[in-house]
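Asks: Got a structure for you, questions after.
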Amino acid sequence: MNSAWSIEFSRIVLVLVSTLVFGLVSGYWLLSVAVNGGLYVGWNAYQLRRFERWIRSGAHTASAPDASGVWELIVQHIYRTQKANKDRKKRLAQLASHYHAIMSVLPDATVVLNQNLEVEWVNKISQSMLGIDANRDVGQKFSNIVRVTDITRLIESAPDAEEIEVVSPADINKMLVIKKIHYGEGKILVTARDISQRIALQKLRKAFIANASHELRTPLTVISGYLEMLVDDEELPPNLNNIVQNTYLQAQRMDNILGDLLVLSKLEEKGYSETSGDILDVPQLIKRLVNDFQKTKARSTHRIEFDVTEGLKVKVVESEFYSLCQNLISNAIKYSPPGSSIRIAWVLSDTAGACLKVTDNGVGIKPEHLSRLTERFYRVDQNTTRKVNGTGLGLSIVKHIIENYGGYLNIESEIDKGSTFTTCFPSFRVSYHQDASDKV
């Protein structure tokens, strides 16, 4: 660079010296400046024209203008920039090729959509899962290729609805979970994962549990019958009394577990339904259920407070709603100290529909356990829960019941302050007569 500018400065000095000498000799200073300045400007204009033609033709290295001084330096800078751009493009092309190779071999179908919901890129497995061909369908509207209402609704919906399970549009024997992710400026990444094997295993597990529970019920009933006879036998030796009594209690507990497993199997088989059930007078059912609990001596010390909205009814199956209430209230009683208060609320929410809330003043639950409470047989504290008579399936039953009606279960708890279990039914199931809204 120093050499190039030295040459350019030398030219400028030469022009100045020539102008000075010509002016001194001839005395025509204006003419001297015009001639020498014109020669310098004309030479640069010539170089500029060559440079412009070279740039216009693509600025290829082989056809670069032969120049010196600052013009040579400019050509060198352009050459270096071109070389850097070529290297960068090569690296980007390699990266894109590597990315496409990885995406192509992914086990999940992957589709990239632009802001107009047109297919921009798709991997090979998308054809067998979604029926989208990488060579044929790029540039086509997604909804014109995949004509499934649920998938179209997912793609066109707001970002908060991001995952559904549907039958594959390309193969009815496959079950897919479709997920969308918004990224960039209006871009959408759609993925589809085959969960057919998982669904099949779940069905197999459910069938096994249902069949095993059903088959075990009969022999267990016989065993319980004989144990009950022994418990009531006055001639039973005293040293065997505790053994038989404990065995009978465990047989009863096993019978309760089998009963709850059968209930869960029926709930899972039933699934979600918008039309099932009849209009149920919930306030009356809650009162009846609480009266049943209070008649039990072991539970008579708890104070039960009501916040029940009269006239607020819901469309459900009575036996299922009774089971839901029974499990929630039973848990509140079991895990709160004697003499403590339990609050039962049946209220109308502006956003969530009709909600049943059961609040206790028990020991509370640590945050890390809350998300797993509805798992089958999940125990927060093995030492404590063993002392409580229960099957470990109550909250799982509650969750399945409420989800089958399109609602949800929410659990809030603080250590040493108690817990609140809330089940909310959607508005389309709620029937409310405001003229009977007095509370009890």
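The numbers here are math on the coordinates, done by the rules we state, and not lab data. The structure presented is a predicted model; accordingly, all values stated were derived computationally and were not measured. Heads up, the Cβs are rebuilt from the backbone with ideal geometry, glycines too, and the neighbour counts pull from every protein chain shown.
Asks: Return, for the Cα atoms of the stretch 198-270, the radius of gyration and Dmax in Å, separated by a comma.
Replies: Expressed in Å, the Cα Rg and Dmax of the stretch 198-270 come to 16.4, 55.
Asks: Write down the radius of gyration of the stretch 105-194 and its Dmax, each obtained from C-alpha positions, in Å.
Replies: Values for the stretch 105-194 (Cα only, Rg and Dmax): 11.7, 36 Å.
Asks: Checking the cross-link filter: which lysines have an alpha carbon closer than 26 Å to that of LYS270, excluding same-chain neighbours under 8 positions apart?
Replies: LYS174, LYS179, LYS203, LYS206, LYS313, LYS315, LYS357, LYS399
Asks: What percentages, rounded to whole numbers, describe P(r) for the chain computed over all alpha carbon pairs with 20 Å bin width beginning at zero?
Replies: So the P(r) values, bin by bin, are 17, 31, 22, 12, 11, 6, 1, 0.
Asks: Using 7 Å Cα-to-Cβ label points, what is the ILE55/GLN94 separation (nm, one decimal)?
Replies: 3.2 nm
Asks: Binned at 10 Å from 0, what are the whole-percent values of the Cα-Cα distance distribution for the stretch 2-100, short to long?
Replies: The calculated distribution, bin by bin, is 14, 29, 24, 16, 9, 5, 2, 1.
Asks: Among LEU216, LEU236, LEU189, which one shows the biggest mean-square fluctuation in a GNM of the chain, springs joining Cα atoms closer than 10 Å?
Replies: Taking springs between Cα atoms under 10 Å, the residue moving most is LEU236.
Asks: Moving on. Loop only per DSSP, at most 15 neighbouring Cβ atoms within 10 Å: give me the trypsin sites (Lys or Arg not before Pro) in the stretch 299-373, ordered by residue number. Don't jump to the answer; show the numbers that get you there.
Replies: Values: sites: ARG299, ARG303, LYS313, LYS315, LYS334, ARG343, LYS357, ARG372; in loops: ARG372.
Passing both the DSSP loop test and the Cβ count: ARG372.
Asks: When the Debye formula is applied to the Cα atoms of the stretch 278-436, each taken as the same point scatterer, what base-10 log of I(q)/I(0) results at q = 0.14, 0.18, 0.19 Å⁻¹?
Replies: Result of the Debye calculation: -0.68, -1.14, -1.27.
Asks: If each of GLU165 and ASP87 carries a label point 7 Å out from its Cα toward its Cβ, how far apart are those two points in nm?
Replies: With each label point 7 Å from Cα toward Cβ, the separation is 5.3 nm.
Asks: I'd like the Kirkwood hydrodynamic radius of the stretch 30-158, using the inverse of the mean 1/r over distinct C-alpha pairs, in Å. Provide the component values of the computation, followed by the final result.
Replies: On the way: mean 1/r = 0.0503 Å⁻¹.
For the stretch 30-158, inverting the mean 1/r across all distinct Cα pairs yields 19.9 Å.
Asks: Roughly how many whole Å is it from the C-alpha centroid of the stretch 358-380 to that of the stretch 1-32?
Replies: Measuring centre to centre over Cα atoms gives 94 Å.
Asks: Can you give me the convex hull volume of the Cα atoms of the stretch 162-239, divided per residue and expressed in Å³?
Replies: 165 Å³
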